[in-house]
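K.L.:
To start, I am sharing the structure in question, which I have written as structure tokens.
The values are calculated or read from the model by the stated rules, or taken from the named source; none is laboratory data. Model, not experiment: these values are computed from the prediction. Neighbour counts are summed over all protein chains in view; Cβ atoms, including those assigned to glycine, are modelled from backbone coordinates with ideal geometry.
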Amino acid sequence: MQIDPVVLFFLLGLAAGWAKSDLKLPSALYDTLSVFLLLAIGIKGGLELAKQPVLQILPQALLVLLMGFLIPLLIYPLLRWRLPQVDAASIAAHYGSVSVVTYAVGVAYLTRQGVSFESQTTLFLVLLEMPALIVGVVLARLGAARAAGEGDGTAVAGHGWGKLLHEVLLGKSMVLLLGGLAIGALAGPDGIKPLDRLYLDLFKPVLTLFLLEMGLVVAGKLGILRKQGFFLVGIGVGLPLALSWVGIGFGVLMGLSPGGVTMLGVLAASASYIAAPAAMRMAVPQANPALSLGAALGITFPFNLLVGIPLYHQFATAVTGG
Amino acid sequence: MQIDPVVLFFLLGLAAGWAKSDLKLPSALYDTLSVFLLLAIGIKGGLELAKQPVLQILPQALLVLLMGFLIPLLIYPLLRWRLPQVDAASIAAHYGSVSVVTYAVGVAYLTRQGVSFESQTTLFLVLLEMPALIVGVVLARLGAARAAGEGDGTAVAGHGWGKLLHEVLLGKSMVLLLGGLAIGALAGPDGIKPLDRLYLDLFKPVLTLFLLEMGLVVAGKLGILRKQGFFLVGIGVGLPLALSWVGIGFGVLMGLSPGGVTMLGVLAASASYIAAPAAMRMAVPQANPALSLGAALGITFPFNLLVGIPLYHQFATAVTGG
Amino acid sequence: MQIDPVVLFFLLGLAAGWAKSDLKLPSALYDTLSVFLLLAIGIKGGLELAKQPVLQILPQALLVLLMGFLIPLLIYPLLRWRLPQVDAASIAAHYGSVSVVTYAVGVAYLTRQGVSFESQTTLFLVLLEMPALIVGVVLARLGAARAAGEGDGTAVAGHGWGKLLHEVLLGKSMVLLLGGLAIGALAGPDGIKPLDRLYLDLFKPVLTLFLLEMGLVVAGKLGILRKQGFFLVGIGVGLPLALSWVGIGFGVLMGLSPGGVTMLGVLAASASYIAAPAAMRMAVPQANPALSLGAALGITFPFNLLVGIPLYHQFATAVTGG
Amino acid sequence: MQFHTRTMLTIVTEAGLENDLVELFEARRIRGWTIVEARGKGAHGEKHGNFDANHNIQIELIADAASAEALAETIQQRYGAHFALVQWLSEVRVLRAEKF
Amino acid sequence: MQFHTRTMLTIVTEAGLENDLVELFEARRIRGWTIVEARGKGAHGEKHGNFDANHNIQIELIADAASAEALAETIQQRYGAHFALVQWLSEVRVLRAEKF
Amino acid sequence: MQFHTRTMLTIVTEAGLENDLVELFEARRIRGWTIVEARGKGAHGEKHGNFDANHNIQIELIADAASAEALAETIQQRYGAHFALVQWLSEVRVLRAEKF
Ligand SMILES: Nc1ncnc2c1ncn2[C@@H]1O[C@H](COP(=O)(O)O)[C@@H](O)[C@H]1O
Ligand SMILES: Nc1ncnc2c1ncn2[C@@H]1O[C@H](COP(=O)(O)O)[C@@H](O)[C@H]1O
Ligand SMILES: Nc1ncnc2c1ncn2[C@@H]1O[C@H](COP(=O)(O)O)[C@@H](O)[C@H]1O
Ligand code: NA
Ligand code: NA
Ligand code: NA
């Protein structure tokens, strides 16, 4: 099996960062690429949604939301076994939420393999972004309040609920994904056609630049691995493996095709490293961000890219008999 | 009538900014996109110019220049009715000059409607950028000098004439538009062909990103509307409506096609929010930039995008009987 | 003979900078474009390399390396005639190394002329980047050590050898060129195909933006020309003319086609203005960077673009009788 | 013209706190401040600035000594425990004292 | 080595004034300065820095006390009335006093 | 809370020296610093910041007076002769003196 070139760019970034090359991409490029990827994914999803009757997707959408709330609740007790409440809650939020780039690489992988999948997976991506963040914050604050004997912990330790909800709902990724969905759905294939040269044709090539940057960023996280190595690797490999089965289970339950089941496995196994860190930092500042980001970005992200995605595809094929 | 997707991106930006989302595009992206748009428009104009005998366009060009000098002189007395001299002069300069992005959205609109228009409108765009700025500065300085009893007002209150002319003539937009024109004319269709993948094919998709950013910027201007609301809305809607007819009149005078008349209406109705603010800030620092930019960018720009362009097209069709 | 439009963009930038226009490209764009160009060139080279048996290129590769070590040794004594040791060594390093953009413009020129050339020239580009830097540093340090009577010159005057080698080998351009080569070779034409829309189709158009920026940068160097005018112009025109013949000689020796000989002439005649200045600044801080960069970027780069490349092609055609 | 002594509070902290801090300034009726992007290293590790949630800002704010000190203390209490944060005060001389 | 006392003038103002100010520095034979991009808020509203004409720069400039004060006054007179502008002076100690 | 007097060393120099300086700080057990991108003009000409090797950084570093002075001297000796470099010291007051 040949490796996808987009993954090679990730490895190049990783190697350059690891060898302490002076290669650096401007942060404006990183921001631009992520705006582009989020919009492009949203638009693609919107185009597909426009084709389907909404009522038909509704049950699936509800199941996906359920999964989003469930995953952090499943992980949290496991993590509590070794971690303080705030850190367990924060990591639960990271792994309950999803990684847009992992999703994009999953799409590239299946496309390359010639495997089709349901178009509503983009909608699932959007739906999964938020619920785990809410659960994570609740878990952390319940803990903090109990610890502080119902003290003023909440006020001091982070944003109030209103602000927090605002931040999560109107975070960059939600706005661009949902905005893209809406534009795609409203404009339809004819309206979007003149934009295809950018949002469709350049999607995969632009992903290569993004992954180059991600490789450099992940290389910068290797420091923490040396310190917290074993434990982080355990979390960073164990959680996606386990969670992929949760996703696969839900996918089968929804009656998705093998490709769709794979994508739900990928989504469940992926961990957020953009929306979750930002939200958790403000909601649960007591948690150590190096821990959650180290696991999600330093281990799980490369693991999913290099090993996980093909593996979940095999799992899904085996289970669905597809 | 279906809304053009490029306008949907503007609305997305507007909504995100209005809801105080943390969505932000890097300023380097904004700068890059505007360099791209200016060059692309210039090149396209240059290609078309190369096809036509210069002498044939000359009379039209002179009429356009006349219009550029005339418009601020028409507006100024109206504005003086309520505003101090410096502000009236500054707003006159903004509305006499033109908005490149409004022009681009106008082009997208007509193209989508399948309406053709004269290729020299790009040249008109270039010609209209400057005259109003000169008139605006003269009006402001005459006023300031009179007010100061021929005092040292000019020296203290802004740049000298030489510097000012340099700034306007060699401002970014002039240089890129004229440079693009020259490159397009010199290289010709064969020379430019290898560049089409960027400057032609990606023009409209890139415009979407630019309009997303403009939506965010305009949302940031809503604050001033709350304070100066009625008056600004009056200016920001009334002026383009009135000026579109000036443009349409000149277009008919020049014997343009309905599409060409529409584009001249769009140009006349559009207000500069890049070249004019920069020039007026240095030339007439006493003027309140929030006022002119609030009207030009906060009201007129979205008004033209959402309502004005289709409207001027209807006006032009009615007038030309086309 | 018509001028290539990519060169027109350079001239536009030069004119704008010279006239002190306020046109400025964001530095993030410059960084992004150079990452893109280096990767694209590397990938293209890698694709071609994958087609050829390695052993067949090996002798050519060794000859090219030899040329890379030789050129600075040839120039150094000439420069010593007028310059202090450190400056002679630094300039020797700049002219021994190569300019990626000059290479790209050379490729564009030959492509436009319909002249084919050996695909391994990309590899030659990569191989030529480094040797001259090593020779330059050795020459400068030998001199400095002798001057300081074997003092602590090295420690004070710049980085140690280990650090320096690390810097040169893992400099941005080496990493991206080599990384691109590896990705192209590993992924092969089928793997790279989905990326063509960016790395192939947009290569030349993106080069135009890069050259616009280079024009602006070169215009900023005109100041030093006024001071050091004659001498710098002598170096900046004389060296590439002379060196082009070294490259042409080696090209003939290797039995390349007329196009390949031209490209080797272009590589030899080009002077590094990215890798060399960075390396020399750290290795030989006593050298005056304005001198070497003024010659390499202020004179030689535009000379090669405007005059050199077509000239070397004529030389090569004459010599090979092609 | 005359120069007047005022106190400048400089705050280096995580970029994510900007909105919160600005709200605090406004609540305290602070009339102006200046922000620059920064990176750095401290007890909370390196802040490279190359990845979203991981860069600093540096805020400079001129006020009278009492306001500046009180503000620094509030910020220290509210954010010092869990956020990357360093603050310092220095003496400056300004024209137009009424602005601060 | 020895440290010498000098005065640092810091100027926060609209980016559009940069060329003018640099000309003024050169006319006054100021030998060096440092510029960083900035944003901020003051009497002239917010300067976000996300749109062309709307961001600040912060200039730091070390000189002897008399030059720095005179420069600040000139700048205040010339630009203070209509431009976003805040300036402050502070004491610094430098090596190589002959540079300033 | 109480404020404690410390010394701030500010270094403006070529961006290429960043890694070297950070190594030096770490060797001296300096516990924190802040870096912002800068441009400027000085004896070594203009540093526009628009081209790779040609921009400055400004480093701020709070420490006790003796460490700051010693550090400034080392940097001056090591890089002063050939690199664009300006340094200055100033007095600041900090909370949590144990951090510096
Ligand atoms: N000694 C110091 N001098 C200057 N800046 C510092 C110092 N220590 C920390 N900083 C800055 O303050 C930020 C937060 O510090 P900390 O809370 O110690 O991680 C760091 O990222 C640095 O940018
Ligand atoms: N009190 C202050 N402390 C620090 N910076 C300030 C202060 N007031 C204003 N500024 C900065 O100076 C700029 C111009 O101020 P102003 O003229 O008051 O609008 C603002 O945009 C801020 O960046
Ligand atoms: N008098 C000064 N005040 C503030 N910054 C300065 C001054 N002189 C030089 N600089 C800064 O320090 C850098 C190096 O100075 P130099 O070594 O004199 O070229 C310059 O590029 C400026 O950014
Ligand atoms: Na997940
Ligand atoms: Na107009
Ligand atoms: Na060479």
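K.L.:
Within segment E:16-28, count every residue that is within 13 Å of ligand 2 (Cβ to nearest atom) and surrounded by fewer than 17 Cβ atoms within 10 Å (Cβ to Cβ).
P.N.:
Selection size over segment E:16-28: 0.
Per-residue answers, yes or no, for (1) under 23 Å from C:Pro26 (Cα atoms); (2) more than 9 Å from chain D (Cβ to nearest Cβ):
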site: E:Met1; (1), (2): no, yes
site: E:His4; (1), (2): no, yes
site: E:Glu14; (1), (2): yes, yes
site: E:Asp20; (1), (2): yes, yes
site: E:Asn56; (1), (2): yes, no
site: E:Leu61; (1), (2): no, yes
site: E:Ala65; (1), (2): no, yes
site: E:Glu69; (1), (2): no, no
site: E:Gly80; (1), (2): no, no
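K.L.:
Going through segment C:74-118 one residue at a time, which ones are surrounded by fewer than 23 Cβ atoms within 10 Å (Cβ to Cβ) and touching a Gly at 6+ places or on another chain (Cβ under 7 Å)?
P.N.:
Matches in segment C:74-118: C:Gln85, C:Leu110, C:Val115, C:Ser116, C:Phe117, C:Glu118.
K.L.:
I'd like to verify a number: residues in segment B:292-314 that are over 16 Å from the mean Cα position of the chain (by Cα) and crowded, with 21+ Cβ neighbours inside 10 Å, how many?
P.N.:
1
K.L.:
Residues that are within 27 Å of D:Ala65 (Cβ to Cβ), within 16 Å of ligand 2 (Cβ to nearest atom) and surrounded by 20 or more Cβ atoms within 10 Å (Cβ to Cβ): does segment F:66-87 have at least one?
P.N.:
no
K.L.:
Is it fair to say B:Ala296 is touching an Asp or Glu at 6+ places or on another chain (Cβ under 7 Å), assigned to a helix (DSSP H, G or I) and under 19 Å from B:Val137 (Cα atoms)?
P.N.:
no
K.L.:
Let me ask you something else. Mind telling me which of the residues C:Leu79, C:Leu66, C:Leu39 ends up being touching an Asp or Glu at 6+ places or on another chain (Cβ under 8 Å), closer than 30 Å to C:Leu253 by Cα and away from chain B (no Cβ under 14 Å)?
P.N.:
One residue alone meets the criteria, C:Leu79.
K.L.:
Go through (1) within 21 Å of the chain's Cα centre (by Cα); (2) modelled with pLDDT under 90 for C:Gln228 and report which single condition fails.
P.N.:
With (1) within 21 Å of the chain's Cα centre (by Cα); (2) modelled with pLDDT under 90 applied to C:Gln228, the lone miss is (1).
K.L.:
Here are the criteria: (1) more than 14 Å from chain C (Cβ to nearest Cβ); (2) surrounded by fewer than 24 Cβ atoms within 10 Å (Cβ to Cβ); (3) not β-branched (Val, Ile, Thr). Tell me which single one B:Gly45 does not satisfy.
P.N.:
Answer for B:Gly45: the failing condition is (2).
K.L.:
Follow-up. Tell me yes or no: at least one residue of segment A:264-271 is surrounded by fewer than 23 Cβ atoms within 10 Å (Cβ to Cβ) and either within 16 Å of ligand 2 (Cβ to nearest atom) or part of a helix (DSSP H, G or I) (or both). Break it down into steps so the answer makes sense when it comes.
P.N.:
Residues of segment A:264-271 surrounded by fewer than 23 Cβ atoms within 10 Å (Cβ to Cβ): none.
Checked segment A:264-271: no residue is surrounded by fewer than 23 Cβ atoms within 10 Å (Cβ to Cβ) and either within 16 Å of ligand 2 (Cβ to nearest atom) or part of a helix (DSSP H, G or I) (or both).
K.L.:
May I pose another question? Pairs, please: C-beta under 8 Å, at least 6 apart or cross-chain, first residue at the interface with chain B (Cβ under 7 Å from one of its Cβ atoms) and in segment A:164-192, second surrounded by 18 or more Cβ atoms within 10 Å (Cβ to Cβ) and of a type in the set (S, T, N, Q)?
P.N.:
Matching pairs, first to second residue: A:Leu170/B:Ser21; A:Gly171/B:Ser21; A:Lys172/A:Ser34; A:Lys172/B:Ser21; A:Val175/B:Ser21.
K.L.:
Select from segment D:23-46 the residues that are facing another protein chain (nearest Cβ under 8 Å) and β-branched (Val, Ile, Thr) and write down the one among them that is nearest to ligand 4 (Cβ to nearest atom).
P.N.:
The selected residue is D:Ile35.
K.L.:
While we're on this one: With the condition being touching a residue at least 60 places away in the same chain (Cβ under 8 Å) and among the charged types (D, E, K, R), I'd like the strands (runs of 3 or more DSSP E) fully within segment E:4-100 carrying at least 1 qualifying residues.
P.N.:
Of the strands (runs of 3 or more DSSP E) lying wholly inside segment E:4-100, those with at least 1 residues that are touching a residue at least 60 places away in the same chain (Cβ under 8 Å) and among the charged types (D, E, K, R) span E:4-14, E:85-94.
K.L.:
Does A:Met254 satisfy the criteria of being under 14 Å from A:Ser90 (Cβ atoms), surrounded by 17 or more Cβ atoms within 10 Å (Cβ to Cβ) and away from ligand 6 (no atom under 16 Å from the Cβ)?
P.N.:
Here the answer is no, as A:Met254 does not meet what is asked.
K.L.:
Quick test of your reading of the structure: A:Ala276 fulfils all but one of (1) aliphatic (A, V, I, L, M); (2) at pLDDT 95 or above; (3) within 12 Å of ligand 4 (Cβ to nearest atom). Name the failing condition by number.
P.N.:
All conditions are met except number (2).
K.L.:
Can you tell me which residue is surrounded by the fewest Cβ atoms within 10 Å (Cβ to Cβ) among those in segment B:193-225 that are aliphatic (A, V, I, L, M) and within 10 Å of chain C (Cβ to nearest Cβ)?
P.N.:
Among them, the one singled out is B:Leu200.
K.L.:
Looking at (1) within 12 Å of ligand 3 (Cβ to nearest atom); (2) surrounded by fewer than 17 Cβ atoms within 10 Å (Cβ to Cβ); (3) modelled with pLDDT of 95 or more, which is the one condition that is false for F:Ala43?
P.N.:
That leaves (3) as the condition not met.
K.L.:
Test of understanding: among A:Pro285, A:Pro277, A:Pro302, which residue is away from chain D (no Cβ under 14 Å) and either away from ligand 1 (no atom under 16 Å from the Cβ) or in contact with a Gly (Cβ under 6 Å, 6 or more places away or on another chain) (or both)?
P.N.:
Exactly one residue qualifies, and that residue is A:Pro302.
K.L.:
Can you find even one residue in segment B:240-252 that is closer than 30 Å to B:His166 by Cα, more than 16 Å from ligand 4 (Cβ to nearest atom) and within 14 Å of chain E (Cβ to nearest Cβ)?
P.N.:
No.
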